[in-house]
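Asks: My questions all concern the structure below.
Since every read-out is calculated from the coordinates, none of them should be taken as a lab result. Quick caveat: nothing in here was measured; it's all calculated off a predicted structure. Here the Cβ is made from the backbone with ideal geometry for all residues, glycine too, and neighbour counts use every protein chain on show.
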Amino acid sequence: MNVLDLEEFNVIEGWDSEEYYKFVVEAKEPPVFCTLCGSFIEEGQHFKVHDKRPRTVADVDLRGKKVVIDIIQKRYKCPNCGDNFTEYFKSIERNDRVTQRLFKRMGEDSIKGKNTFKSIAEQHGVTDTTVKRAFWQHVDELYRGRVLIAPRVLGIDEVYLHEEGVHRKQPYAVFTDIENNEIIEFLAGNSKELVIDVIKQMKGYENIEIVAMDMNSGYRSAVKETIPDAYCVVDHFHVIQKANMRLNEIRAKIQNKLNKGEKKELYKVKWLITSNRENLDEEAIFRLDSELEKYERLHTAYWLKEGLRDVYKQKTKYDAFQQYFKWEQSFPPKGANEMRKVQKMIEKIKQEVFAYFDGRITNAYTESFNNVIKRIVRLGVGYSYDVLRAKILFGTKATEVKKLKDMNFNRIFNELARKSGKVIWTDPNSEYAENYSYRVNIDDLLQAMEEGEL
Ligand SMILES: [Zn+2]
């Protein structure tokens, strides 16, 4: 045993500087066979040393410091083939300048969300190419051992991301196990064929009981085709999201016709328009309302959005239906075309929308996961799709998602409630239900977690 814990070497000397430890080592045992022709040396004999050359490799950190190893690598003359062969080390990566254990470590580290190839290369003083190779070796192993298992509650969602060289954001499909907060699959595209394919790849997909999804019709028909008995739920978040998208459209259209000053004023309340009204403070509400007053079309649409949110504040499915009916009645006889579109969309899939009130299954996890994905994309600008996918499938479990998984959502909500002194979220059927607002902003949640508040 030596300080390096690399059995095949003797440490000849070692010293440390500010930045690193350095060791000079050589092989303990001479080789017993020629690596070129494979012939063994006779017992009691040794290959003759032809020459010695130093070879420098990087190793895993020791006590928080970089480690550099100078290996005195020998070349031997083989009496059988007559050529000179270089001695081989089992703990050193072939044709590279790192130990195998560092290579493996870099592979594991490089899939983690927050690390980039560059940051790891810099950390260990190796090239990006070495890190990339370590990444792929590790990822290939993970893919080989991967089996898609159908969850009881499946979440299907999409996230739009920028691709290098493509102007418009492109859709990616995200499949999650909602009950266990785990990602199942992440793929480019969002077509019906793709969704069918992924579902059929899952072991035991026939047993999927519930599928939570957005209002996208491609997903719905794919589910109906593959698992007709599954119960489809469109959660409240996606319904409100549609209303908010329409609000944004209206605001943008109005903005285009305004002069510079007016435009700026309206733009300033952009986020307030799509926020939950009860989460805004008095000052924000005042600013928002004074802008809304100026534009009747936006004002009407805004209150229809808030009215739709009231539906989700109901405790029972029955009450929700009643409130929804009231909401429909609150439309003005003319105009509000954008919100009419939302209403028509809900009308088409009313069963799924109101199915939400049966089990309160939500895609909140999938949504929060989409934010994790977006952060990975931001960090690793220029990742290829293959790298991104591997990082998302394998890297997130060990980092961000693990954190989310460990902290069960109810516990986080309760913790936030305790800290803020008000009930933020609770089971709508419970005794606290009088006083809850519907959705905690997942970004706020992630931020709070990052800042160590939770
Ligand atoms: Zn030989």
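Asks: Given Cα pairs under 8 Å that are at least 6 residues apart, what percent is the relative contact order of the stretch 228-325? Don't skip to the end; give the middle numbers.
Replies: Values: 51 pairs, mean separation 25.6, N = 98.
Reported relative contact order: 26 percent.
Asks: Please list, in chain and number order, the residues 5+ apart from Y231 or on another chain whose amide H is under 5 Å from its amide H, with Hs placed from the backbone.
Replies: Here I210, V211 satisfy the definition.
Asks: Given K268/K315; K192/K350; K200/K224; K270/K315, which pairs have Cα atoms separated by over 24 Å?
Replies: On the way: K268/K315 34 Å; K192/K350 21 Å; K200/K224 13 Å; K270/K315 30 Å.
Check vs 24 Å cut-off fails for K268/K315; K270/K315.
Asks: Take the stretch 236-359, drop everything but the C-alpha atoms, weight them equally and run the Debye formula without solvent; then report log10 I(q)/I(0) at 0.14, 0.18, 0.23 Å⁻¹ to two decimals.
Replies: Debye intensities relative to I(0), on a log10 scale: -0.62, -0.97, -1.39.
Asks: Sticking with this one: Using only the alpha-carbon atoms of the stretch 85-179, report the extent along each of the three principal axes, biggest first, to the nearest angstrom.
Replies: Taking the Cα atoms of the stretch 85-179, the three principal extents are 56, 36, 22 Å.
Asks: To continue, here is another question. Given the pairs K22/K112; K294/K334; K28/K48; K28/K77; K264/K305; K203/K348, which are separated by over 26 angstrom at their Cα positions? It would help to have the intermediate numbers written out before the result.
Replies: Numbers: K22/K112 28 Å; K294/K334 19 Å; K28/K48 15 Å; K28/K77 18 Å; K264/K305 23 Å; K203/K348 31 Å.
Check vs 26 Å cut-off fails for K22/K112; K203/K348.
Asks: Rounded to whole Hz and in sequence order, give me ³J(HN,Hα) for the stretch 4-14 from the Karplus expression 6.51 cos²θ - 1.76 cosθ + 1.60, θ = phi - 60°, writing x for Gly and Pro.
Replies: Running phi through 6.51 cos²θ - 1.76 cosθ + 1.60 with θ = phi - 60° gives 7, 6, 10, 3, 7, 10, 9, 8, 8, 8, x Hz.
Asks: Please give the length that would be gained between R55 and E18 if that part of the chain were fully extended, namely 0.36 nm times their separation in residues minus their C-alpha to C-alpha distance (nm, one decimal).
Replies: Numbers: separation 37, 0.36 × 37 = 13.32 nm, distance 2.21 nm.
Taking 0.36 nm per residue and subtracting the Cα distance, the gain is 11.1 nm.
Asks: Let me ask something else. Which of the aspartates and glutamates could a cross-linker span from K114 if the Cα-Cα distance has to be under 14 Å and same-chain partners fewer than 8 positions apart are dropped?
Replies: E400, E450
Asks: Counting other C-beta atoms within 10 Å, which of M106, M202 has the fewest, and how do the rest follow?
Replies: Working: M106 27, M202 22.
In increasing order of surrounding Cβ atoms, one gets M202, M106.
Asks: OK, next. Work out from phi, with θ = phi - 60° and the Karplus expression 6.51 cos²θ - 1.76 cosθ + 1.60, the ³J(HN,Hα) of each residue of the stretch 198-213, listed in order in whole Hz, and give x for Gly and Pro.
Replies: 5, 4, 5, 6, 6, 5, x, 4, 5, 8, 4, 8, 10, 10, 9, 8
Asks: Can you give me the distance in nm between label points at L148 and K270, each placed 7 Å from the Cα along the Cα-to-Cβ direction?
Replies: That separation, rounded to one decimal, is 3.6 nm.
Asks: OK, next. For the stretch 265-270, take each phi angle, set θ = phi - 60°, evaluate the Karplus expression 6.51 cos²θ - 1.76 cosθ + 1.60, and give the result in whole Hz per residue in order, putting x for glycine and proline.
Replies: These are the phi-based 3J(HN,Hα) values: 4, 5, 4, 4, 9, 3 Hz.
Asks: Quick one: net charge of M202's neighbours, Cβ under 11 Å, K/R +1, D/E -1? Please list the in-between numbers first.
Replies: Numbers: positive: K200, K203; negative: D177, E185, D197, E206.
With Lys, Arg at +1 and Asp, Glu at -1, the net is -2.
Asks: Okay, next question. Percent of Cα-Cα pairs per 10 Å bin, from 0 to the last occupied bin, for the stretch 136-191, please list those.
Replies: Taking every Cα pair in the stretch 136-191, the percentages come to 21, 37, 35, 7.
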